[in-house]
């Protein structure tokens, strides 16, 4: 019972009914589309390509390394600061805090791999992580949430997308029309969840107060914690479509009436 209560506390913290919030902030990856089917399809594409081009295997290593660095980025950057990394370190872009967030991560990846440039890492990552998945996203989208977004907009509830990755093109191919789209790579944010700076910026731009907003995501350690750190309510959706549907029916009794988008 204690375990279930603990899981429940991590799943959502909502001080009011869903429809009473003035704005809902949606995470993108794993929330507005299901990640498992996308990853399986991408694994097939990657395997097919690199079986035909085995000498380009280092690109796979670059993608893997970039993901690892990005996932552990807050700790990586803290360690960099602890070691005395200054505001400007042009000789080592991985340590240059004046560089954009993505540039620092590309540089850190290149440094770990050795023998490649940040520009090469950038080109590889943007192709396989940002461009190729776009054609696969529509088949992986969460149709319930697409329908819910339509209902929210019709009821004049602001719909906001906030992602650690670029989200504009993803929203386009998913046929989503939010009121705002924000990314960790925006010049005024440049930090990853669960740092609350991004949500503070969103509140500043929209003129909303924390108690008027609900954050919806798929990872408590990212989406739940960033909301908690910003004083915003949150709802964490299961990765399983069946479990997600069950939770949404509990949170929104009318959710079964949401059109399939």
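The values are calculated or read from the model by the stated rules, or taken from the named source; none is laboratory data. Because the structure is a prediction, the values reported are computed rather than measured. Glycine gets a Cβ as well: all are built from the backbone with ideal geometry, and neighbour counts include every protein chain shown.
Worth a mention:
- Residues in region 137-157 that are in a loop (DSSP other than H, G, I, E, B) and touching a strand residue (DSSP E or B) at 6+ places or on another chain (Cβ under 9 Å) were compared, and the one that is surrounded by the most Cβ atoms within 10 Å (Cβ to Cβ) is 142.
- Within region 51-93, the set of residues being at pLDDT 70 or above, in contact with a helix residue (DSSP H, G or I) (Cβ under 9 Å, 6 or more places away or on another chain), over 25 Å from residue 29 (Cα atoms) and in a helix (DSSP H, G or I) comprises 56, 57, 58.
- Of the residues making up region 241-261, those that are at pLDDT 85 or above and within 30 Å of residue 197 (Cα to Cα) are 244, 247, 248.
- Residue match in region 35-42 (condition: part of a strand (DSSP E or B) and either at pLDDT 95 or above or under 22 Å from residue 175 (Cα atoms) (or both)): no
- Test result for residue 194, within 12 Å of the chain's Cα centre (by Cα) and either in the same structural domain as residue 17 (by TED's automatic domain parsing) or part of a helix (DSSP H, G or I) (or both): yes
- Residue check, residue 217 modelled with pLDDT under 95 and touching a helix residue (DSSP H, G or I) at 6+ places or on another chain (Cβ under 6 Å): no
- Taken as a whole, the condition of being without any contact (Cβ under 8 Å) to a residue 60 or more places away in the chain, more than 24 Å from residue 167 (Cα to Cα) and either in a helix (DSSP H, G or I) or in the same structural domain as residue 247 (by TED's automatic domain parsing) (or both) applies to residue 47.
- Only one of the numbered conditions (1) over 16 Å from residue 248 (Cα atoms); (2) at pLDDT 90 or above; (3) in the same structural domain as residue 202 (by TED's automatic domain parsing) is violated by residue 6, and that is (2).
- Output for region 99-157, where each listed residue is without any contact (Cβ under 8 Å) to a residue 40 or more places away in the chain and closer than 21 Å to residue 36 by Cα: 126, 127, 130, 131, 134, 135, 138
- Taking region 158-188 as the range and being buried (at least 19 other Cβ atoms within 10 Å of the Cβ), farther than 11 Å from residue 27 by Cα and without any contact (Cβ under 8 Å) to a residue 24 or more places away in the chain as the test, no residue passes.
- Residue 196 being touching a helix residue (DSSP H, G or I) at 6+ places or on another chain (Cβ under 6 Å) and under 22 Å from residue 222 (Cα atoms): yes
- On inspection, residue 32 fails the criterion of being surrounded by fewer than 14 Cβ atoms within 10 Å (Cβ to Cβ) and modelled with pLDDT of 95 or more.
- Complete set of residues in region 235-253 that are surrounded by fewer than 13 Cβ atoms within 10 Å (Cβ to Cβ) and either within 20 Å of residue 221 (Cα to Cα) or in contact (Cβ under 8 Å) with a residue 12 or more places away in the chain (or both): 240, 243
- Screening 26, 12 for residues that are at pLDDT 95 or above, assigned by TED's automatic domain parsing to the domain that holds residue 193, surrounded by 11 or more Cβ atoms within 10 Å (Cβ to Cβ) and in contact with a strand residue (DSSP E or B) (Cβ under 6 Å, 6 or more places away or on another chain) leaves exactly one candidate, 26.
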